[in-house]
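Trainee: I am attaching a structure below and will ask some questions about it afterwards.
The values are calculated or read from the model by the stated rules, or taken from the named source; none is laboratory data. Please read these numbers as outputs of a predicted model, since none were measured by experiment. Positions of Cβ are backbone-derived with ideal geometry, glycine not excepted, and every protein chain shown enters the neighbour counts. The protein model used for the area step is the full one, side chains on, heavy atoms only, and it has no ligands, DNA or RNA in it. Shrake-Rupley method; radii C 1.70, N 1.55, O 1.52, S 1.80 Å.
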Amino acid sequence: MTSVASLPATLADPLPATSPCGSQRPVFTPSRPRVPFVRGTVGYLKPADARPIIQLVDAGPEVPRENFEHDLREVPIVDARLAPAPPRIHHEGFELWDAPSRLRNFHDKEALQAVYYPECVELACLVTGASRGFVFDHLLRQREEGRPPLTFGRSGAGSAVAAVGRVHNDYSEDSGRRRLRLVLNDPEAAAAVRRYSIVNIWRSIGGVVRDTPLAVCDATSVNVGDLVPAELRYPRRVGEIYLSHHAPGHRWAYFSEMDAHEALVFKQFDSQASGTSRFTPHAAFDLPHIPSDAPLRRSIEARCLVVYD
């Protein structure tokens, strides 16, 4: 993993206003020191008896978009760039890689599938040690104008996909196991798979992220009892994810100022029941002091199923 450091401010001090040739003095800015952690607000699930349901289709004015309440918590979120040892995909559940993409227009669907999908498969297999992979989905997200309070990523049916400030994991035990059959579309091939994982590859597509980064929860700090299956009701199907209750032992991390050449790879499901990370809850959060000129965060996430032969 690499990052590009700014020139220390002290290097600019001795320079004259102009060079001997009369050219203008270069413009230098002070280096921003990294801080070990920030405090950010993430949305947990408030305990309740009913099964959580999230409507992603317009079900009418009498049907609430969500049938549950959120438990907003301010938590310490460490900068994983400063960790004594880098996190590992099969332990903490996530890794950051310097992985530039050849793709320049992420809104070109054909080019995205032809160029970016194979790049993601290669990266996912390299990070996990799997032998083959399949990208089966992707989402483009953008922080909303004015940066309103973070929600579940959509303000209504048909709206643009925004950042998700609710603690969630993209797959539950049940939906993670169903996904194998949906991706391979061959019952015999699916039955022959001994182990597979689903990983999410998250990348900025709008330059350095200085407003609403993605935080991930250390998988070793999450107990299965913290996770609650929730229904996602789409127009033509019903999905299932995990939401999470708050637990004091949860350890949160993010990577400061992620840029477009970097990719965050994190585990969303593993069919191996023990000895590895299985679920990595995550959520977007607003940094405490967002620069006034910070562009709205734009990102892409690709979901990839990898098979260990």
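Trainee: If each residue of separation counts as 0.36 nm, what is the full-extension length gain between residue 161 and residue 296 once their alpha-carbon separation is subtracted?
Mentor: 47.3 nm
Trainee: If I model a spin label at residue 91 and residue 237 as a point 7 Å from the Cα along the Cα→Cβ vector, what separation in nanometres do I get?
Mentor: Here the modelled spin labels are 3.6 nm apart.
Trainee: May I ask you to list the residues of segment 107-129 whose amide nitrogen lies under 18 Å from a point 7 Å from Cα along the Cα→beta-carbon direction of residue 309?
Mentor: Residues 118, 121-129 qualify, since their backbone N sits under 18 Å from the label point.
Trainee: Using each residue's phi in segment 145-152, evaluate 6.51 cos²θ - 1.76 cosθ + 1.60 at θ = phi - 60° and report the 3J(HN,Hα) Karplus result to the nearest Hz, with x for Gly and Pro.
Mentor: Each residue's phi maps through the Karplus curve to give 4, x, 6, x, x, 5, 10, 8 Hz.
Trainee: List every residue whose amide H lies under 5 Å from the amide H of residue 286, counting only residues 5 or more places away in sequence or on a different chain, with H placed 1.01 Å from N in the peptide plane.
Mentor: Amide H neighbours of residue 286: 41.
Trainee: Express the relative contact order of the chain as a whole percentage, based on alpha carbon pairs under 8 Å and six or more residues apart in sequence.
Mentor: 28
Trainee: Taking 0.36 nm per residue of separation and subtracting the Cα-Cα distance, what length does fully extending residue 105 through residue 144 add?
Mentor: So the extension gain works out to 12.0 nm.
Trainee: To continue, here is another question. By its C-alpha gyration tensor, with a ≥ b ≥ c as the square roots of the eigenvalues, how is segment 208-309 shaped: rounded for a/c under 1.5, else prolate for a/b larger than b/c, else oblate? Before the final figure, lay out the partial values.
Mentor: On the way: a/c = 1.59, a/b = 1.50, b/c = 1.06.
Verdict is prolate for segment 208-309.
Trainee: Moving on. Per 0.36 nm of contour for each residue apart, how much would the distance between residue 114 and residue 245 grow if the chain were fully extended, relative to their Cα-Cα spacing?
Mentor: Gain on stretching residue 114 to residue 245: 43.2 nm.
Trainee: Sticking with this structure for a sec: Counting each DSSP H run of 4 or more residues in the chain as -39500 (n - 2.57), what helix-only mean residue ellipticity at 222 nm follows after dividing by all residues, to the nearest 500 deg cm²/dmol?
Mentor: Numbers: 3 runs with 30 residues, N = 309.
About -3000 deg cm²/dmol.
Trainee: Here's something else I'd like to know. Can you give the accessible area per residue of the chain, in Å², using a 1.4 Å probe?
Mentor: On a per-residue basis, the chain sits at 51 Å².
Trainee: While we're on this one: To check you understand DSSP bridge types, tell me what percent of the beta bridges within the chain (both residues inside) are antiparallel, rounded to 5. Let's see the in-between values first.
Mentor: On the way: 57 of 65 bridges.
Percent antiparallel among DSSP bridges in the chain is about 90.
Trainee: Can you pull the percent of segment 159-309's accessible area that's carbon plus sulfur, 1.4 Å probe, other chains left in place?
Mentor: Exposed carbon and sulfur together represent 49 percent of the surface.
Trainee: Oh, and also: Top to bottom by accessible area (1.4 Å), largest first, where do 62, 122, 231 land?
Mentor: My answer, sorted largest first, is 62, 122, 231.
Trainee: Follow-up. Could you tell me which of rounded, prolate or oblate describes segment 69-203, using a ≥ b ≥ c as the square roots of the eigenvalues of the alpha-carbon gyration tensor, with rounded for a/c under 1.5 and, failing that, prolate when a/b is larger than b/c and oblate otherwise?
Mentor: Because its axes are fairly even, with a/c under 1.5, segment 69-203 counts as rounded.
Trainee: Another question, if that's okay. To test your reading of the geometry: what angle, between 0 and 90 degrees and rounded to tens, separates the Cα axis of helix 117-128 from the longest principal axis of the chain?
Mentor: 90
Trainee: Now for a different question. Taking θ as phi - 60°, what are the ³J(HN,Hα) couplings along segment 274-285 by the Karplus curve (6.51, -1.76, 1.60), each to the nearest whole Hz, with x for Gly and Pro?
Mentor: 8, x, 7, 5, 10, 9, 10, x, 8, 6, 7, 8
Trainee: Using Cα pairs closer than 8 Å and at least 6 residues apart in sequence, work out the relative contact order for segment 107-242, in percent.
Mentor: 20
Trainee: Candidates [x] 44, 25, 15; [y] 28, 23, 18; [z] 35, 24, 20; which is the computed semi-axes √(5λ) of the Cα gyration tensor in Å?
Mentor: The listed entry that was calculated here is [z].
Trainee: What residues have an amide H closer than 5 Å to that of residue 151, excluding those fewer than 5 places away on the same chain, when H is modeled at 1.01 Å from N in the peptide plane?
Mentor: Amide H to amide H, under 5 Å and 5 or more residues apart or across chains, residue 151 pairs with 165.
Trainee: Going by a ≥ b ≥ c, the root eigenvalues of the Cα gyration tensor, does segment 62-128 fall in the rounded group (a/c under 1.5), the prolate group (a/b larger than b/c) or the oblate group?
Mentor: Note, shape of segment 62-128 comes out oblate.
Trainee: Oh, and also: List the residues whose amide H sits under 5 Å from the amide H of residue 258, counting only those 5 or more places along or on another chain, with H placed 1.01 Å from N in the peptide plane.
Mentor: 209
Trainee: Along segment 225-230, what does the Karplus equation 6.51 cos²θ - 1.76 cosθ + 1.60 (θ = phi - 60°) give for ³J(HN,Hα), rounded to whole Hz, x for Gly and Pro?
Mentor: Per residue, the Karplus-derived 3J(HN,Hα) values read x, 6, 9, 10, x, 9 Hz.
Trainee: Got a sec? What order do 101, 274 fall in by accessible area at 1.4 Å, biggest, i.e. largest, first?
Mentor: Sorted by accessible area, descending: 274, 101.
Trainee: Starting from the Cα of residue 182, step 7 Å along the direction of its Cβ; do the same at residue 63; then give the gap between the two resulting points in nm.
Mentor: Simple spin-label model gives 1.8 nm for this pair.
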